[in-house]
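J.: Structure incoming, see below.
The values are calculated or read from the model by the stated rules, or taken from the named source; none is laboratory data. No experiment lies behind these values; they were computed from the predicted model shown. Heads up, the Cβs are rebuilt from the backbone with ideal geometry, glycines too, and the neighbour counts pull from every protein chain shown. Ligands, DNA and RNA are excluded from the accessible area calculation, which covers all protein heavy atoms including side chains. Shrake-Rupley method; radii C 1.70, N 1.55, O 1.52, S 1.80 Å.
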Amino acid sequence: MLHATDIAGAGSPYVVVIGNEKGGSGKTTLAMHLAIALLKGGHRVGTIDLDSNQRGLTRYIENRRIWANHRRIELELPLHGFVPRAGGARLEDNEAEELAAFEDIVCDVRKFVDFLVIDTPSTDTYLMRLAHLVADTVLTPVADSFLDLGTLASIDPITHEVTGTGHYAEMVCEARRHRRVFDQGGTDWVVIRNRSARGGLVRGSVAELGIRLGLRDIEGCAERIVYRQFFAAGLTALDALDEAALGAATGRSHQLAQREIGKLVGLLNLPTSERARRRAAARKEWFASSGAPLGVDELLTE
Ligand SMILES: Nc1ncnc2c1ncn2[C@@H]1O[C@H](COP(=O)(O)OP(=O)(O)O)[C@@H](O)[C@H]1O
Ligand SMILES: [Mg+2]
């Protein structure tokens, strides 16, 4: 059985889990951008895709690998693992099979990475709950809409005050409680307000929720078409915005996206190290002096 300390103990990777039971809230986009931001910062990064139906992060990373080969450019890739869905008749057997697959991936990557970024599905699954138990940081992107806020809170229709805790928020609170009891570990929970309307519709309610549940909220990404365009080539706002990478001239929205993602990642307060900074500088130098494509066969499992 995997314990929180197996991957959250001393010398183990720092675990960032991206979760929200609302589909389309931007989890996979954020997971990919965070992984690439950390890689560019010189960290060693592992990613795990727990969304066995959509496989969004797995496809995103695979697209990046294919695109890098196609364009003969250097693109950083994380060590990636995907947990396939067990299709047996018995729920317990399926959970055991999926847990074993998850444990295998964690064991394979944990010694080689500083960060583990785990993307979760928009449904309440066994592995999604387990991931929240071992998280050092939980990131919850939420669109600026009271409808979408329902996974976190129920809201008074007139005053917009928080009247109750949503299903996903209950689950995160429970995971944090368990984690505290189990190894006295704290989980930083950050709600990321994405695609904000002017002034922010849900801002006040999220701030109130923050005080009630002990989470912090930060401004996320604006609504930009470029985020949808990046996926096909496996690119992110953080990649060099030149013709070589994109196959097309870059626009202003790319630059704005790059700036907002940089700011967002900075606000997460993830642990960074001097060693990572040195590694980032060395890698930059190596990239600049080498014409050869990066070894991009780093995907651990399908
Ligand atoms: N800031 C944004 N602006 C515009 N489109 C976005 C933004 N963030 C994500 N998207 C798009 O929204 C859709 C859902 O995003 P995704 O990251 O897959 O969400 P989730 O993983 O929570 O289901 C995708 O088509 C994605 O490209
Ligand atoms: Mg997703």
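J.: Does Ile211 fit the bill of being in contact with a Gly (Cβ under 6 Å, 6 or more places away or on another chain) and outside any loop (DSSP other than H, G, I, E, B)?
T.: The answer is no for Ile211.
J.: Within the stretch 178-188, does at least one residue satisfy the condition of being of a type in the set (S, T, N, Q), more than 20 Å from Glu260 (Cα to Cα) and surrounded by fewer than 18 Cβ atoms within 10 Å (Cβ to Cβ)? Break it down stepwise before answering.
T.: If we filter the stretch 178-188 for residues that are of a type in the set (S, T, N, Q), which is where we start, we get 184, 187.
Those still in the list that are more than 20 Å from Glu260 (Cα to Cα) too: 184, 187.
Still in the running and surrounded by fewer than 18 Cβ atoms within 10 Å (Cβ to Cβ): 184.
Yes, there is a match, as at least one residue in the stretch 178-188 is of a type in the set (S, T, N, Q), more than 20 Å from Glu260 (Cα to Cα) and surrounded by fewer than 18 Cβ atoms within 10 Å (Cβ to Cβ).
J.: Additional query: Determine which member of the set Ser122, Ser145, Ser154 is within 16 Å of ligand 1 (Cβ to nearest atom), touching a Gly at 6+ places or on another chain (Cβ under 6 Å) and open to solvent by 20 Å² or more (accessible area, probe 1.4 Å).
T.: Of Ser122, Ser145, Ser154, the one residue that is within 16 Å of ligand 1 (Cβ to nearest atom), touching a Gly at 6+ places or on another chain (Cβ under 6 Å) and open to solvent by 20 Å² or more (accessible area, probe 1.4 Å) is Ser122.
J.: With respect to the numbered conditions (1) in contact (Cβ under 8 Å) with a residue 24 or more places away in the chain; (2) surrounded by fewer than 20 Cβ atoms within 10 Å (Cβ to Cβ), which one is the sole condition not fulfilled by Ile36?
T.: Of (1) in contact (Cβ under 8 Å) with a residue 24 or more places away in the chain; (2) surrounded by fewer than 20 Cβ atoms within 10 Å (Cβ to Cβ), only one is false for Ile36: (2).
J.: Would you please list the contacts, defined by Cβ atoms under 8 Å and residues six or more apart or on different chains, that run from a residue in the stretch 40-53 that is over 29 Å from Glu274 (Cα atoms) to a residue that is polar (S, T, N, Q) and within 16 Å of ligand 1 (Cβ to nearest atom)?
T.: Between residues of the stretch 40-53 that are over 29 Å from Glu274 (Cα atoms) and residues that are polar (S, T, N, Q) and within 16 Å of ligand 1 (Cβ to nearest atom), the close pairs are Leu50/Thr120; Leu50/Thr125; Asp51/Thr28; Asp51/Thr120; Asp51/Ser122.
J.: If you take the residues in the stretch 32-76 that are touching a Phe, Trp or Tyr at 6+ places or on another chain (Cβ under 9 Å) and over 28 Å from Leu99 (Cα atoms), which one is nearest to ligand 2 (Cβ to nearest atom)?
T.: Result: Leu75.
Listed here are the residues, each with its yes/no results for (1) more than 16 Å from Gly150 (Cα to Cα); (2) at pLDDT 90 or above.
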{"residue": "Met171", "(1), (2)": "no, yes"}
{"residue": "Glu174", "(1), (2)": "yes, yes"}
{"residue": "His178", "(1), (2)": "yes, yes"}
{"residue": "Gly185", "(1), (2)": "yes, no"}
{"residue": "Val190", "(1), (2)": "yes, yes"}
{"residue": "Arg195", "(1), (2)": "yes, yes"}
{"residue": "Gly199", "(1), (2)": "yes, no"}
{"residue": "Ala207", "(1), (2)": "no, yes"}
{"residue": "Ile211", "(1), (2)": "yes, yes"}
